[in-house]
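So the structure is just underneath, and the comments pick up after that.
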């Protein structure tokens, strides 16, 4: 019964991933540039809405496919990667004291998110096997 929701949930999840990464990269570049655009309401609220959809769709997908973090290795790798991505994103957007630290954290966060996406596409946490 839940299987009928797989394709719409996956489409929502993939779309939210794309928008979330795009907004993160945009916010990172604007932060490095010292842009006042970061104060626009849609850039302060939008990412939270998108990331909520992303998380809800991820949880729903795990239920539909019966694969779970800390049970299935590739999902565990994605969750651990997500923790690293959030930490690096926090440094890139808020906590980094210098623009050099923020830029390095931004690049590192984007590398981590590329790993997460690769792991998701290949269902394998080892990039050497992709």
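Of 70, 24, how do they rank once you tally other Cβ atoms within 10 Å and put the fewest first?
Least crowded to most crowded, the residues run 70, 24.
Fewest to most neighbouring Cβ within 10 Å: what's the order for 78, 10?
10, 78
On C-alpha positions alone, give me the angle between the axis of helix 99-122 and the longest principal axis of the chain, in degrees, nearest 10.
Relative to the chain, helix 99-122 is tipped by roughly 10 degrees.
Treating the angle as unsigned and between 0 and 90°, give the value, to the nearest 10°, between the Cα long axis of helix 41-65 and the longest Cα principal axis of the chain.
The helix 41-65 is inclined about 20 degrees to the chain.
Residue 65 versus residue 53, label points 7 Å from Cα toward the beta carbon: distance in nm?
If labels sit at residue 65 and residue 53, their model points lie 2.0 nm apart.
Does anyone have the angle between helix 73-90 and the longest principal axis of the chain? Alpha-carbon axes, 0 to 90°, nearest 10?
10
Mind jotting down the distance between the C-alpha centroids of region 92-130 and region 41-86, whole Å?
15
In which sequence would 123, 66, 13 go, from the one with the fewest C-beta neighbours within 10 Å to the one with the most?
Listed from fewest to most nearby Cβ atoms, that is 66, 123, 13.
I want to verify a result. In a Gaussian network model of the chain, Cα cutoff 10 Å, which of these has the top mean-square fluctuation: 94, 27, 41?
Of 94, 27, 41, the Gaussian network model singles out 41 as fluctuating most.
We did not get these values from a lab; they are worked out from the coordinates using the rules stated. The structure presented is a predicted model; accordingly, all values stated were derived computationally and were not measured. Neighbour counts are summed over all protein chains in view; Cβ atoms, including those assigned to glycine, are modelled from backbone coordinates with ideal geometry.
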